[in-house]
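What follows is a single structure, written as structure tokens, with notes after it.
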Amino acid sequence: MSQTPEPQQSTAAPHGADARRGPFRVGDRVQLTDEKRRINTITLQEGGEFHTHKGVLPHEDIIGLPEGSVIENVDGFRYQALRPLAKDFVLSMPRGATVVYPKDAAQIVQFGDIYPGARVVEAGVGSGALSISLLRAVGDAGYLHSFERREEFADIARGNVSTVFGGEHPAWQISIGDFQDKVVELEEPGSIDRVVLDMLSPWECLDAVATVLAPGGVWTNYVSSVTQMSRVVEAIRASGQFTEPECFETLLRGWHVDGLAVRPDHRMVAHTAFLITTRRLADAQDGIPKAKRIKEHGYSAEDLSAWTRDHDENEWTAQALGERGLSDKKLRRAARDANQSVRVRAAHEDAQGSEEN
């Protein structure tokens, strides 16, 4: 005779899940799409208003409605209201540094094998775009330790991460300083499952990565130029502590579909960065070099030196790689905007608490 199974105890929702459900609330970010498919993202506030040349939409008309509602402003102009998806938020969020595009973040999670419960370290936090994807992958039971050299970028990242997850994430901590120095100070040797670096010269971190990464662990590098990719790969090969690196990029092209008119879009998200993945070998093991065909015309040591710039470290700068500098004013504004949702939600909760008392 079969027995009726005992009811399972309900568990708490993963961190940030509740903020993605239910009706719109004060402090929520809302994506408004008009009839011409133009998108505006706002943060709901008590007494707030969304103004365009098409009229005014009071925030009170949105608060309390279910997600996916179609709303008219005072002049009858319609908007479709939805919470932004992670990919939408990343492309519209306040930023200081250039963000890691969703197409690349998805590949890092997949090819970097970021799994629930994994212990991950990353460097080059920037505006927190990749941190959001990594935290969603490792979950509440995982561990993500992010390293950032600039406090201004860290402030922006904290605000963006808190906005997405509705507060501080239990699996995340961020440290200020150079990765190669701080990670060996703060993490035990062989204790990290995955390493993700988004920085100008990741080859400088090779020894630090080899120290903290567990045997079999995956190291993923995100670099923007061919010269960076070449030097990282050659440094990894020369160390003998990792498997043969794999390099690739991802190109994203949408399609126009309208009845029989089906064709590729004229615009696409093409090159953004190269990804390089490799795995840590066990200690005292020599990697198996990639078999090469003997060529009549090879390159000399001098050619390799010039290509990798190992003769002059000072030439590896953001300006040399074509990256634009950021003003302190822009960074302060981005940090303020990144924390707006958190401030609005906290002020609303404080006001409700005062009314109840």
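Annotation note: of Ser224, Ser133, Ser127, Ser146, the sole residue that is more than 30 Å from Gln285 (Cα to Cα) and in contact with a Leu (Cβ under 9 Å, 6 or more places away or on another chain) is Ser224. Only residues that are surrounded by 14 or more Cβ atoms within 10 Å (Cβ to Cβ) and out of contact with any Lys or Arg (no Cβ under 8 Å at 6 or more places or on another chain) were counted across segment 238-286, and they come to 12. Summed over segment 137-153, residues that are outside any strand (DSSP E or B) and surrounded by 20 or more Cβ atoms within 10 Å (Cβ to Cβ) total 4. Sort out which residues of segment 340-354 are among the hydrophobic types (A, V, I, L, M, F, W, C) and either closer than 13 Å to Arg29 by Cβ or within 31 Å of the chain's Cα centre (by Cα) (or both), and write them in order of number. Across segment 340-354, the qualifying residues are Val342, Val344, Ala346, Ala347.
Applying a threshold of 6 Å to beta carbon distances and a minimum spacing of six or more residues, or different chains, the list of pairs starting in segment 96-117 at a residue that is more than 13 Å from Ala137 (Cα to Cα) and ending at one that is of a type in the set (Phe, Trp, Tyr) and crowded, with 20+ Cβ neighbours inside 10 Å reads Gly96/Phe153; Ala97/Phe153. Would segment 270-283 turn up any residue that is out of contact with any Asp or Glu (no Cβ under 8 Å at 6 or more places or on another chain), modelled with pLDDT under 95 and over 24 Å from Pro215 (Cα atoms)? Yes. Checked against (1) in a loop (DSSP other than H, G, I, E, B); (2) open to solvent by less than 20 Å² (accessible area, probe 1.4 Å), Leu134 passes all but condition (1).
Against the definition (among the small types (Gly, Ala, Ser), modelled with pLDDT of 95 or more and not assigned by the TED database to the domain that holds Leu275), how does Ser69 come out, yes or no?
Working: among the small types (Gly, Ala, Ser): yes; modelled with pLDDT of 95 or more: yes; not assigned by the TED database to the domain that holds Leu275: yes.
Criteria met by Ser69.
From the residues in segment 154-198 that are among the β-branched types (Val, Ile, Thr) and not in a helix (DSSP H, G or I), which one is surrounded by the most Cβ atoms within 10 Å (Cβ to Cβ)?
Out of the qualifying residues, it is Val196.
Checked against the criteria, Val164 does not count as modelled with pLDDT of 95 or more and either assigned by the TED database to the domain that holds Asp193 or in contact with an Asp or Glu (Cβ under 6 Å, 6 or more places away or on another chain) (or both). The strands (runs of 3 or more DSSP E) located wholly in segment 15-85 that include 3 or more residues which are surrounded by 12 or more Cβ atoms within 10 Å (Cβ to Cβ) occupy 29-33, 39-43, 49-52, 55-58, 78-82.
Of the listed requirements (1) at pLDDT 70 or above; (2) open to solvent by 50 Å² or more (accessible area, probe 1.4 Å), Glu323 misses just one: (1).
The values are calculated or read from the model by the stated rules, or taken from the named source; none is laboratory data. Nothing here was measured: the structure is a model prediction, and the numbers come from that model. Because the Cβ atoms are built from the backbone with ideal geometry, glycine has one as well, and the counts that use them run over all protein chains shown. Remember, those area values only see protein heavy atoms, side chains included, never the ligands or the DNA or RNA. Shrake-Rupley method; radii C 1.70, N 1.55, O 1.52, S 1.80 Å.
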